[in-house]
Each structure stands twice: as structure tokens, then as C-alpha cells.
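The values are calculated or read from the model by the stated rules, or taken from the named source; none is laboratory data. Quantities reported herein were computed from a predicted structural model and do not represent experimental measurements. So basically every Cβ, Gly included, is an ideal-geometry build from the backbone, and we count neighbours across all protein chains shown. Side chains are part of the model used for accessible areas, which takes the heavy atoms of the whole protein and leaves out ligands, DNA and RNA. Shrake-Rupley method; radii C 1.70, N 1.55, O 1.52, S 1.80 Å.
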Amino acid sequence: MSQSSQSLTLHASPKPSWLSRRSFDEWSLGGILAIGVLALFICVVLPLYTLLSKSVESKAGDFVGLANFAKFIETPSLYSSISNSLLIAFLSTIIVTSLSFLTAYGISRTRIPLKGVFKTVLVLPILAPSLLPAISLVYLFGNQGILKELLMGESIYGPIGIVIGSCFWTFPHALMIMLTALANTDARLYESAEVLGASPMRTFFTVTLPAAKYGIISVAFVVFTLVITDFGVPKVIGGQFNVLATDIYKQVIGQQNFEMGATVSVILLLPAVLTFITDRWLQRKQSALLTSKAVPWTAPQRVWIDRGFLILMLLVSGVILSIIGMAIYASLVTFWPYNLALSLNNYNFDLMDGGGWESYWNSIQMAAFTALIGTGFIFFQSYLVAKLPGFHVLKWFFHLFAILPLAVPGLVLGLAYIFFFNAPDNPLNSIYGTMTILVVCTISHFYTVCHLTATTALKQIDSEFESVSASLKVPQIKTFWRVTLPVCMPAVLDIASYLFVNAMTTVSAVVFLYSYNTSLASVAVLNMDDAGDIAPAAAMAVMIMLTCMLARILHWFLGSVLLKHTQTWRHR
């Protein structure tokens, strides 16, 4: 047979059908990925669409365009919330950004002792609900506070209290970003500055500060968003000083005005979206600064600078420990300030209006379900996005839906869940008021960070594992179970720990969704504070913090045991 006839024969052979282009294994995993896309579409996209629709509707459900927004602007008490929120957010951002830069500089660029201890103390507020510093400030600077005179006649109930409380709970988030920004430096730049005779001050402004500028900007945007969307601190210590987040709560819970609540939520969504876009842009810029030829930098001995930063670290650590210590002490005092005898009476939550011990156990249950289900779902779906060949359209939509929650404040997401899941014609209406919706909402709220963590860990593994498995006819799910999962175990534990701690401390995402049978500890803190039971509220906040500490210790223990068996291959 001639060459031309062979070619014709080859061209004439039937093309494989689209179904047979992939193995059964790939189609099965692609189906699971499609289920993941559908799940995120239902749990993230549809509720937000319902919220946006509600903001342009009247109470009767008729389309009214921007009438609700016009009404919001025309109402002085509501409109003033915008300026109040911006004022609080700007002041907190300036304070936290400056302080986090200085403390991060002290940890990463000086030779002060006890860096590990300082780092542990400085991130302690992340284990406590945002309500804890607000309650503690009441005992320190309130009408019967022990340090009331330091305010020189000013009241802690208002902007002063909100700014201090916001700075306390946003500080660890800023510090962790700033530490990362200052960790990446090139010693050659400092050596060049020294050779050229630049003074330490000039070196700081021409080398150190420019290298960390994207981290500083990122911290500023993150803190601004966290403060302007926070609900816990202004609710407890804000007094009559209204902000956008408390307005949503008052409109929905106090006045049952869901349309105006949706309108304020959309306004609150704008700074979060702006921050999200800016952060994405900054991350791309930041990666361009790093080179493979960078040389690690070691801090030189500078006696006076080291002493100055040691004093600063002691002061900041002292303030953090004082606020936490005050909350613990207040929870143990019998009746503040008349009977300072220590007792555990305030821990008898069943005698208080707030949910009792049952709310605490509900929180444990919700956090455990969130950690187990959320970690399994997030990591496996991230694996499919990173390692499954093909299905590009599904992956694009999945990544888009997974990133979206980062730009949505918890309070806005919780309200969106009410509109979507409480609709009578929604087939999923039955989960409203149950533990299921609390778990789903919490996973959705914190989805993005976990997804990015899992994706980053998975991208570090060579795709050759999957290629070899396919050539040996080994199912990809078997490769995932025996190779990928053990290798990525540190990231899996980090995700589980992150979800558990945030599920225990979150208030804003669940405050609209709990029912009588599913009251949570963080919501109980809020309810007890509203009822005037401030000491029991402090006790419940302390219980949440201690539980989160135990979770971190368990995380460390499990990590030590599991990593010993799964990470041996890393060592020669």
C-alpha cells in the first residue's frame, strides 16, 4: 500500500466520541467538581443575588430602583453612620498599621530577646471574639472602671471605645501580614547602602520602607475593611454612636425593615469589594519584587535601637495581656465593683438570659462540623481544581465563586442567607433555623482563605505523580489518598484549625441565623451583654478564648504526631 493510501486510511478512521476522550475516573472526578461548583453557586452566588435584588425592592416586593438608597441618604440618623464608620475605620487603620509595622520590625529586624514569646502574646487576640476587648474596656474605662480617670472626663462608650476595641482585635491580622512583608529582604541592598555611606535613617527610608510598601498598603486595606464591617465591638461599646454594621442589625432585628437592611448591606459591600480588588493587584505587584538571587539579611547589633524596640514590645504585650487579663478577672468577680471576692458564679450560664451552657456546646458542635466538613470539601475540591486535567470552564467558575466570599462581610452574608434560605418557595428552606445553615454559612464565609491555602500547597506538588498514576492505570483518587493527602497534611491541619477557631469566634455571620435550639456562645455573649449580665458575658467570651487555645494546642499535638508519620520523606 502506498504512503498516500495509508494516509487516506488514517484520515478515514472514525474520531473518538467526546465521551471516550476521558477515562471513567476523570469523568467521575469531573462530576464531583461540577457538584462543587453548584454548591458554591447555591451557597454564595444566589444569596448575594437575592440580597442585591432585595435592596431595589419595596416591602411589597415591587421594583423601586434606587429609592431605598435615596431614602437612606435622606435620613440623617442613617446617613451619619457613613461618616461615623469612615472616621472609626480611618483612625483604627492609622493606629494599627503604624503599630503593626513597628512591632513586626522589632521581631524581624532587631536582636531583641524573647521574640517567640512576644510573637505568641501579640497574636493572642485572634483567639478571642471581638466582643471580649469591648467588654474588658467597660471594666477598665466604663462608668465603674478602675482606670476611668485616664479618659479625663471622656466616655468609653462611643468612638474612643470602638477605636481601642477595633485596634485590639484587628492587630494580629495586621501583624501577620506585616511580618511576611518584612521577612522578604535582600541583604545586598543593605550592603550597598553601607558601602555608599548612607545613614541608617536614609537606609530605612530608601531600602526598608519601599520593600515593605505593598505589605503596608495591604495591611491598611485589610484593617479598614475589618473595622468598617465589624459588628461586635460597636454593638457592645458603641453607645449611641451609630455605624453601618450596627445599622443593619437595628434595621433587621429592631425594626424588621429588611429592605433598608439590604440597602445598608450593599453600601457596606462597596469598601470590601474595593479592598478585595486592591489586594489582588498588590499581590501581583508583590511577587514581582522577589528574585531568586536574594540573600538573607541578618540584623546587626544596634544597642539603643534594640532597647527601644524591646520597650515597645513590652508595652504592646502589656496592653494586650491587660485587656485579656481584665476580662478573665471580671468573669471571676462575684459582683463588680461591690463584691470583689472571686467565684465561679458568673460561669453558671444556665441562670442567665443568653442560651446557657447549651449555646457553648452548640458552638463546639458547629465549629467541629465546620472544621471536619469544611476541610474535607475545600481540600478535595481544591485538589480537583489543581490536579484534574481538562474541565477548564468548570475550574474557572469554581475559582471565581471560591474567591467571592473574601469581598463579602459576615454580616452581609448572614443577611443574604435570610433572604435566600427563608424564602417559602426555596426547596432548601427546611435548613433555615438549623445547625446545618450555621455550618454552611460559616464555611462559605471563611472559604477563600482555606481555598487559597489548599491551592498553594497543592501547586507545590509536581503533576508528574498524576501522570505516572495514569500511565500505571492507578485511579487518581488512590493517588490522592496515598500521595497527595499525606504530603499536604500540614496545610490540611492548618485549614481545619483556621475553620474551628473562626467558627467559635464569629458573631456577624451567624447573628441573623441562629434559632432557639441553635444559639451559639458568641451570640450568647451579645445577648447577655444586652441583658446587662456583663460579667457572665465576659465569662462566656473567656470560655471561647480558652477553647480556641485548646484547639491550637490540639492542632500542634496532632501536627507533631501525624507529621512524624507522613513527612518523613522530607528528611534524608
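Okay, here's what the table says:
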quantity	calculated
Gyration tensor (Cα) of segment 149-270, equivalent ellipsoid semi-axes in angstrom	42, 19, 10
Residue-span extension gain [L472 to S192] - 0.36 nm each, minus C-alpha spacing	95.4 nm
1.4 Å probe accessible area per residue over the chain, in Å²	49 Å²
Label-point separation in nm, M152 to R202, each point 7 Å along Cα→Cβ	4.0 nm
P(r) tail fraction, segment 512-559 - alpha-carbon pairs more than 13 Å apart, %	62 percent
Volume of the Cα convex hull of segment 482-565, divided per residue and given in Å³	106 Å³
Computed P(r) (all Cα pairs; the chain; 10 Å bins; percent)	3, 15, 24, 25, 18, 9, 3, 1, 1, 0, 0
Segment 390-482 - percent relative contact order, Cα under 8 Å, separation 6 or more	28 percent
Nitroxide proxy distance, nm - points 7 Å out along Cα→Cβ at W304 and S58	7.2 nm
Relative intensity, log₁₀ I(q)/I(0), of segment 209-272 from a Debye sum that treats every alpha carbon as a point, q = 0.15, 0.19, 0.21, 0.27 Å⁻¹	-0.54, -0.74, -0.84, -1.12
Trypsin sites (Lys or Arg not before Pro) within segment 446-481: DSSP coil, no more than 10 neighbouring Cβ in 10 Å	K473
Angle between the chain longest axis and helix 303-332 axis [Cα atoms, degrees, rounded to 10]	70 degrees
Range of Cα positions in segment 64-185 per principal axis (Å), largest first	59, 42, 24
Dipole-positive endmost among I418, C441, W481 within segment 376-527 (Cβ charges, Cα centre)	W481
Estimated FRET transfer efficiency when R0 is 41 angstrom, pair D462-I277 (beta carbons, to 0.05)	0.80
Difference of contour (0.36 nm per residue) and Cα-Cα distance, N517 to L372	50.0 nm
Check: segment 381-495 dipole with +1 on Lys, Arg Cβ and -1 on Asp, Glu Cβ, in debye	260 debye
Principal-axis tilt of helix 131-141 within the chain, Cα atoms, nearest 10 degrees	20 degrees
Chymotrypsin sites (Phe, Trp or Tyr not before Pro) within segment 330-428: DSSP coil, no more than 10 neighbouring Cβ in 10 Å	Y338
Tilt relative to the chain, helix 3-12 - C-alpha long axis, 0 to 90 degrees, to 10	50 degrees
Over segment 368-516, volume per residue of the alpha carbon convex hull, in Å³	124 Å³
Sequence-separation-based contact order of the chain, relative, with Cα cut under 8 Å and 6+ spacing, percent	22 percent
Contact order relative to length of segment 178-283, as percent, for alpha carbon pairs under 8 angstrom and 6 or more apart	25 percent
For segment 301-412, alpha-carbon Rg relative to the globular expectation (2.2 N^0.38 Å, N residues)	1.83
Where labels lie 7 Å past Cα in the beta-carbon direction, separation of Q255 and Y338 in nm	3.8 nm
